[in-house]
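Working notes, beginning with the structure itself.
The values are calculated or read from the model by the stated rules, or taken from the named source; none is laboratory data. This one's a predicted model, so the numbers in the text were calculated from it and none came from an experiment. So basically every Cβ, Gly included, is an ideal-geometry build from the backbone, and we count neighbours across all protein chains shown. The area values use the complete protein model at the heavy-atom level, side chains included, leaving out ligands, DNA and RNA. Shrake-Rupley method; radii C 1.70, N 1.55, O 1.52, S 1.80 Å.
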Amino acid sequence: MNHHSKGKRYGKVDVTAVLCMTVGLTLFTLADVSISPDFNGTGVFLICLALCVDAVIGNVQEKAMKAYSASNTEVVLYSYSIGFFYILCALLLNGNLLPAFSVYSETPVVAYGLAGVFSLTGYIGILFVLALVKLFGALIAATVTTCRKAVTMVLSFLFFSKPFTVQYVWSGYLVLFGIALNVYSKNRTSINAWFMKQYRLYLRHWTVQRSRVEMV
């Protein structure tokens, strides 16, 4: 996706990292399917679609910020204005806009208050994500947001009672492995140098121990 939007090329390690994180999060979702008696397939489809669009918009935002020297505030304004228009049209077409207002009118203080808090925290989070995109690129930003999703899933077990299956463990390992690969890809030279140093130290220690054994 990044290659087509900006002409960048990524190595096999980067591609493998993305695949591991994607498959890991997918297995998390499939684990929910296997243990939840009331699972909505439409919701899974919409989440997968949102992840695909999220992958696209990160690269488009990075390209726009670099091409037009756009600030984070400008990107948030135009991105969410366009998104608001699309969602408004969808709500008008399916007739869910007025029922939503009627539900909010039942407890306006709580409903609109929570919506305001959610909007504020979401805006702060988006600013951090855009700062990551601007400073480190879309791939690093996607890795951080993927890690955040994994942490959210782990915290859900601590704060909410839900069934547990071993598939969550393997899914978490895949996500962590993908993150580790991404870190290795960005620091390959220093990590390889550290491993070579440890390998030489081990060889030196092994040679000394063998020489002592032969002398005995």
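Filtering the stretch 41-72 down to residues that are in contact with a helix residue (DSSP H, G or I) (Cβ under 9 Å, 6 or more places away or on another chain) and outside any helix (DSSP H, G or I), which residue is modelled with the highest pLDDT?
Looking at residues that are in contact with a helix residue (DSSP H, G or I) (Cβ under 9 Å, 6 or more places away or on another chain) and outside any helix (DSSP H, G or I), I get Ser71.
Please indicate, with yes or no, whether at least one residue in the stretch 92-102 is surrounded by 13 or more Cβ atoms within 10 Å (Cβ to Cβ) and either at pLDDT 90 or above or under 21 Å from Thr145 (Cβ atoms) (or both).
Within the stretch 92-102, none of the residues are surrounded by 13 or more Cβ atoms within 10 Å (Cβ to Cβ) and either at pLDDT 90 or above or under 21 Å from Thr145 (Cβ atoms) (or both).
Can you list the helices (runs of 4 or more DSSP H) lying wholly within the stretch 86-192 that have 3 or more residues being aromatic (Phe, Trp, Tyr) and either at positive phi or out of contact with any Ser or Thr (no Cβ under 8 Å at 6 or more places or on another chain) (or both)?
Filter on the stretch 86-192 gives 108-136, 166-186.
Looking at the stretch 104-137, which of the residues that are of a type in the set (Val, Ile, Thr) and surrounded by 11 or more Cβ atoms within 10 Å (Cβ to Cβ) is nearest to Ser79 (Cα to Cα)?
Among those residues, the one meeting the criterion is Ile126.
Taking the stretch 143-165 only, how many residues are within 18 Å of Ile47 (Cβ to Cβ) and among the small types (Gly, Ala, Ser)?
So the count comes out to 2.
Could you check how many residues of the stretch 118-161 are farther than 30 Å from Ser69 by Cα and without any contact (Cβ under 8 Å) to a residue 60 or more places away in the chain?
10
Just give me the residues in the stretch 165-177 being open to solvent by 50 Å² or more (accessible area, probe 1.4 Å), in contact with a helix residue (DSSP H, G or I) (Cβ under 7 Å, 6 or more places away or on another chain) and over 15 Å from Ala17 (Cβ atoms), in sequence order.
Of everything in the stretch 165-177, those that are open to solvent by 50 Å² or more (accessible area, probe 1.4 Å), in contact with a helix residue (DSSP H, G or I) (Cβ under 7 Å, 6 or more places away or on another chain) and over 15 Å from Ala17 (Cβ atoms) turn out to be Gln167, Trp170.
Is there any pair linking a residue in the stretch 180-200 that is surrounded by 11 or more Cβ atoms within 10 Å (Cβ to Cβ) to one that is charged (D, E, K, R) and outside any helix (DSSP H, G or I), with Cβ under 8 Å and at least six apart or on different chains, and which?
none
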